[in-house]
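Have a look at the structure below before the remarks.
The values are calculated or read from the model by the stated rules, or taken from the named source; none is laboratory data. Predicted, not measured: the structure shown is a model, and the values here were computed from it. Reconstructed Cβ throughout: ideal geometry from the backbone, glycine too, with neighbour counts over all protein chains shown.
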Amino acid sequence: MAGMTRALLLLLSLLAAAALAAPASQPAPPWQGLVDAQSLAKELLVELKYASTDNFMKRNVYGSLRRCYLQPEAARKLAAAARALKAIRPDLRLLALDCARPLAVQKLMWKLVVGTPAQPYVANPKTGSMHNLGCAVDLTLAARDGKPLDLGTPYDHAGPRAQPRLELAQLRSGQLSAAALANRLVLRIAMVQGGFLPLELEWWHFDCAPVAEARRRFVKVP
Ligand SMILES: [Zn+2]
């Protein structure tokens, strides 16, 4: 009996491990009419951080997903933002760090952070995030050769230094350099000219529409 219980426990732990390795069971992209943003924004650079171990979870939760999929409207706005950037800073390119995120991945991320200090930074899959709707993009600026610029903090920095609403005070106190703030403003101007909405809490995140409107118009990527 004890042997059977052990075998059952082993089987259950294997099943749990398989469930945590979720992305393999995701439907193949693109989903529900989403488009590859690079098909419209030819010069867009893409390096999805959650498809590597270089992220706050220290693990690849995106499996083989490597491309920046967005709602067609968001992809068109991103192409417009890339053109706006080219007009003001032809020496720079947009570098996308996160785009559409499947709900299956959101559930996995939630499982990994729930009860940890990182929990406030991950949306509960019940409500979901604008990334689940394909209506948000996280990005930074890079030189023409792809080398990322300094925008004051690393991507996904969990603290007040990532918050645009505090950046003028941080500039005054010396916590944010003038060069990093200038880079943030270049990114923000290009994205706003493209039609995106910036966030007050994360310099890298931009929405393609107001949240309520996006929830009405778009469905979550499975
Ligand atoms: Zn984001």
So is Gly134 on the phi > 0 side of the Ramachandran plot and out of contact with any strand residue (DSSP E or B) (no Cβ under 9 Å at 6 or more places or on another chain) or not?
no
Picked from region 193-210 (must be of a type in the set (A, V, I, L, M, F, W, C) and within 13 Å of the ligand (Cβ to nearest atom)), the residue surrounded by the most Cβ atoms within 10 Å (Cβ to Cβ) is Trp203
With the condition kept exactly as written, say whether any residue in region 166-174 is of a type outside the set (Lys, Arg), within 19 Å of Leu201 (Cβ to Cβ) and within 16 Å of the ligand (Cβ to nearest atom).
no
Only one of Ala81, Ala104, Ala87, Ala100 is within 22 Å of Leu201 (Cα to Cα), assigned to a helix (DSSP H, G or I) and of a type outside the set (Val, Ile, Thr); which?
Ala81
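What's the total number of residues in region 122-150 that are more than 14 Å from the ligand (Cβ to nearest atom) and farther than 18 Å from Leu197 by Cα?
Filtering region 122-150 for residues more than 14 Å from the ligand (Cβ to nearest atom) gives 124-127, 141-150.
Filter once more, so that each one left must be farther than 18 Å from Leu197 by Cα: 124-127, 142-150.
Summing the residues that are more than 14 Å from the ligand (Cβ to nearest atom) and farther than 18 Å from Leu197 by Cα in region 122-150 gives 13.
Only one residue in Gln119, Gln106, Gln71 is more than 29 Å from Val186 (Cα to Cα) and either at pLDDT 95 or above or within 15 Å of the ligand (Cβ to nearest atom) (or both), so which one is that? Give the steps one after another, and end with the answer.
Numbers: Gln119 fails: either at pLDDT 95 or above or within 15 Å of the ligand (Cβ to nearest atom) (or both); Gln71 fails: more than 29 Å from Val186 (Cα to Cα).
Checking each option against the conditions leaves just Gln106.
For region 182-191, name all the residues that are without any contact (Cβ under 8 Å) to a residue 40 or more places away in the chain and within 16 Å of the ligand (Cβ to nearest atom).
As a first pass, look at region 182-191 and keep what is without any contact (Cβ under 8 Å) to a residue 40 or more places away in the chain: 182, 184-185, 188.
Arg184, Arg188, listed by residue number.
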Scanning region 156-193 residue by residue, those touching a Lys or Arg at 6+ places or on another chain (Cβ under 9 Å) and modelled with pLDDT of 95 or more turn out to be Pro164, Glu167, Gln170, Gln175, Leu176, Val186, Ala190, Met191, Gln193
